[in-house]
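Trainee: My structure is below; once you've seen it, I'll send some questions.
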Amino acid sequence: MSTTSSAPAVIDFGHHDLLLEDFVLTGRITYDRRRQLLELHDPEGGTEVLNTDLRSEGYICFPDELILKDWSEHSGLCQALVDAGVVMRTESLRVGPFDSRAYRVLVLDPEVVAR
């Protein structure tokens, strides 16, 4: 019996314009399953990690789950990724001393959702 997964290690969601509350993030979105990183690769060659680590708040993620912060400059990020067909929101969280909003999401497989 093989334990090797046929799922790709990195999913490429292609180019997107993510409409946030105050600005637009533009670039190619990828998800690295091994490192649990959702990244935006901008046209100038820069890379921004879109998810956050809230283990210090007691939140862990299972495979293909991520936590997205939805405060400050990232306000509206989760909804933009939902609209782009990249993630599905599964839980709303309040974290930190300011009771800030974050979301637990499931990264969607483009082959399954037939984008």
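Bear in mind these aren't lab numbers, they're just calculated from the coordinates by the rules spelled out. As the structure is a prediction and not an experimental result, all values here were calculated from the model. Every residue, glycine as well, gets a Cβ built from its backbone with ideal geometry; the counts of neighbours run over all protein chains shown.
Trainee: Counting other C-beta atoms within 10 Å, and keeping those with at most 13, which DSSP coil chymotrypsin sites (Phe, Trp or Tyr not before Pro) do you find in the range 25-115?
Mentor: PHE98
Trainee: Give a quick list of GluC sites (Glu not before Pro) in the range 25-96 that DSSP marks as loop, anything other than H, G, I, E or B, with at most 16 other Cβ atoms within 10 Å.
Mentor: Counting only loop positions with at most 16 other Cβ atoms within 10 Å, the GluC sites (Glu not before Pro) in the range 25-96 are GLU44.
Trainee: Using amide H atoms built in the peptide plane, which far-off residues or other-chain residues are under 5 Å from SER100 H to H?
Mentor: VAL95
Trainee: In square nanometres, what is the average projected area of the Cα convex hull of the chain?
Mentor: For the chain, the mean projected area of the Cα convex hull comes to 8.3 nm².
Trainee: Okay, moving on. What are the ³J(HN,Hα) values, in whole Hz, obtained from phi via the Karplus relation 6.51 cos²θ - 1.76 cosθ + 1.60 with θ = phi - 60°, for each residue of the range 80-85 in sequence order, with x given for Gly and Pro?
Mentor: Rounded to whole hertz, the list is 5, 6, 5, 4, 7, x.
Trainee: Also: Can you give the relative contact order of the chain as a percent, counting alpha carbon pairs under 8 Å and 6+ residues apart?
Mentor: 19 percent.
Trainee: Subtracting the Cα-Cα distance from 0.36 nm times the residue separation, let me have the gained length for TRP71 to MET88 in nm, one decimal.
Mentor: Taking TRP71 through MET88 to full extension adds about 4.3 nm, to one decimal.
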